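Structure, as structure tokens:
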Amino acid sequence: MKRILKKLLIYLAAVIAVLILFVLVVLLYNIRDRHRGYSLDLHLPEQPEAAPLRVGLSRISITPDLPDRWIDADHNARYQPDRGDSFIDGDGDNQFDAIWLAGFHQNRPAAGVHDPIWARSVVWDNGQLCVALVSLDAIGLFHDDVIDIRNQLTQQLPAIDYVIIAATHNHEVPDLMGLWGPNPLQSGVNDDYLKWVRDRTVESVVEAYGKRRPARVELARLDSTASDLVRDSRPPRVLDDELHLMLFRDIEADTVLGLMVNWGNHPETLESRNLQITSDFCHYLRQGIESGLRYPDRIVRRGIGGTAVFVNGAVGGLMTTIGAEIYDPWLDRTFKAPDFDKARAQGHRLADLILDRVEDGPWYELTEAEMELRVRTILLPVRNKYFLLGGALGIFHRGFVKLRQVRSEVGLLRIGPAYLLTIPGEINPEIVNGGVETPDGADYPGEPVEVPPLRDLLPGPHDFLIGLGNDEIGYIMPETHWDTEPPFTYGAKKPFYGEVNSLGPQTGPIIHRTAADLIRSMLEK
């Protein structure tokens, strides 16, 4: 009997050891470096010269193909009953196949499509340097996916020297990162959809490159927008509400190719109860610029044509319209509830400001320009235990360079007097525009680290801050604002929202230092 028991114990120990080894292998596989050795330290070209500009734009839909759906009492998406299907089972495995919406919380299955979502691209080319920017209607895209897209482009279109992928940070679109599945332990990414988005992004760049035309680039800036269009939900109250504009005109045809808008705000006006795929206020902003301000019964203002591209700015802090009351002057109504009327009012108001500037000026114009580029790969420490766990469990679709580090990137593109600074996440406006404080109760007291503000280092006035550029690492906060331990800052009774979606307190100083170095290296040449 003892001999049998001993054999059973040995067998059980062996089984446990195998299971432990299997779990370790799975965990290590999940956090593996997907692009081992990838690193950029670009300085292009070495001797920039002014040359005529060619610009191309494109827009390609990344809207998933959804059947008509309805939402039952348990918050699950089902087929319409008359289709005869008990639930969505796209691959025949008797499992519920949903497109999970990103943002707010888990278990938000898409119930339909309100308006298309897009990959919208701009390509600038002056013969010495060719750079593409893609604005994706996505809550974010990890750096690993950006590298995959670049690798595809290198094979298909080697003429592109560098590509920027910037997410609009929309909270009403499919999850491309994994955080918003049916529950906290299950990824929300549909792998087929993610691959399709990567392919469509490549198509968008190829199409924009093929549409390049001799162009006049016009630059403008509106110093602020109305206070009801964006609010700061965390002290200190600092906004990034400037509108930075880049208008593209075909010199030969004398037509508008498109317009790029840079403004800082979360596209989450519809809030968490909406289950329709939509590009939120960005839809009405872009539609207003292109084809006019539209209501069901009339068009109240004509657009300028071309392709409108929205790129987000400094949205950390966070910049939001939740809780704001937005006035619609064409309906003479104010909207507070999270619905499409409110999103339309917000987008129309922004588009109206831009169309006023197009009509009345002034604009800084250039048909030829120097173009130069600085890019640096960085390693960021991960102190967030939830991010570490999400990576290990395979919920996040990104790898770790080391056990507690991720690869990311900061870049700076100059087109004549315009500077486009790409930041890989949701940076607090205090780091960009100034206002970093050391409040009582801060976990890391002392003098502010992220000084001077980045815009003070840039020559202005045409400084485009492109948030969520080439990565989404979460909130990028000043170190002295970090606050997880009581007593809490600004008299708060509980921790502020933000730290839970940040890599850690070192992120802000590293990003600021890297961006400042790139700016100085470009200006001090």
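Assign one of three labels to segment 339-477, namely rounded, prolate or oblate, based on the Cα gyration tensor with a ≥ b ≥ c the square roots of its eigenvalues; rounded applies when a/c is under 1.5, prolate when it is not and a/b is larger than b/c, and oblate otherwise. Since a/c reaches 1.5 and a/b is larger than b/c, the shape of segment 339-477 is classed as prolate. DSSP finds beta bridges in segment 368-525, and of those with both partners inside it, around 75 percent are antiparallel.
If you average the C-alpha positions of segment 162-203 and of segment 346-389 separately, how far apart do those two centres end up, in angstrom? For segment 162-203 versus segment 346-389, the Cα centre distance is 20 Å.
A simple spin-label model places the labels of TYR327 and VAL451 3.8 nm from each other, with each point 7 Å out along Cα-to-Cβ.
Helical runs assigned H by DSSP (4 residues or longer) give the chain a calculated mean residue ellipticity at 222 nm of -8000 deg cm²/dmol, each run adding -39500 (n - 2.57) before division by the residue total.
With contacts taken as Cα pairs under 8 Å at a separation of at least 6 residues, the chain carries a relative contact order of 17 percent. When TRP363, TRP124 are sorted by how many other C-beta atoms sit within 10 angstrom of their C-beta, beginning with the fewest, the order is TRP363, TRP124.
With an a/c value of 1.5 or above and a/b larger than b/c for the gyration tensor axes a ≥ b ≥ c computed over the alpha-carbon atoms, segment 362-411 is described as prolate.
Listed by Cβ neighbour count within 10 Å, with the fewest neighbours leading, SER224, SER408, SER502 appear as SER224, SER502, SER408.
Taking a span of 18 Å or more along the helix axis (Cα atoms) and a mean Kyte-Doolittle hydropathy of at least 1.6 as the rule, the DSSP H helices of the chain that qualify are 2-30. For segment 155-269, the relative contact order works out to 22 percent when only alpha carbon pairs closer than 8 Å and six or more residues apart are counted.
For segment 205-290, just say rounded, prolate or oblate: build the C-alpha gyration tensor, square-root its eigenvalues into a ≥ b ≥ c, call rounded for a/c under 1.5, and beyond that prolate if a/b exceeds b/c, oblate if not. It is oblate, given that a/c is not under 1.5 and a/b is not larger than b/c. The candidate values are (1) 38, 29, 22; (2) 38, 29, 25; (3) 34, 28, 24; the one derived from this structure for semi-axes √(5λ) of the Cα gyration tensor in Å carries the label (2).
Listed by chain and number, the aspartates and glutamates placed with their C-alpha closer than 20 angstrom to that of LYS2 amount to none; residues fewer than eight positions away on the same chain are left out. Subtracting the Cα-Cα distance of TYR38 and TYR497 from their residue separation scaled by 0.36 nm leaves 161.9 nm.
Please rank ILE322, ILE164, ILE10, fewest neighbouring Cβ atoms within 10 Å first, as an exposure proxy.
Placing the least packed residue first, the sequence is ILE10, ILE322, ILE164.
Think of the chain as having a plus end and a minus end, set by charges on the Cβ of Lys, Arg, Asp and Glu; of LEU243, THR514, ALA308, THR514 sits farthest toward the positive end of this dipole.
Averaging the sequence gap over all C-alpha pairs within less than 8 Å and six or more residues apart, then dividing by the number of residues, gives segment 394-525 a relative contact order of 28 percent.
Centre-to-centre, using Cα atoms only, segment 114-128 and segment 392-434 are separated by 20 Å. Along the charge dipole of the chain, pointing to its positive end and built from +1/-1 on Cβ of Lys, Arg, Asp and Glu, which listed residue (ALA17, ILE354, LEU388) has its Cα farthest out? Ranked along the dipole, the leading option is ALA17. Note down the net charge around HIS171, summing +1 for each Lys or Arg and -1 for each Asp or Glu among other residues with Cβ under 10 Å from its Cβ. Net charge in that neighbourhood comes out at -3.
Among the listed pairs LYS211/LYS336; LYS195/LYS402; LYS336/LYS385, those with a Cα-Cα distance over 31 Å are LYS211/LYS336; LYS336/LYS385.
Since every read-out is calculated from the coordinates, none of them should be taken as a lab result. Note that the coordinates shown come from a computational prediction; the quantities given were computed from them, not determined experimentally. Don't worry about glycine lacking a Cβ; one is built from the backbone with ideal geometry, like all the others, and counts go over all protein chains shown.
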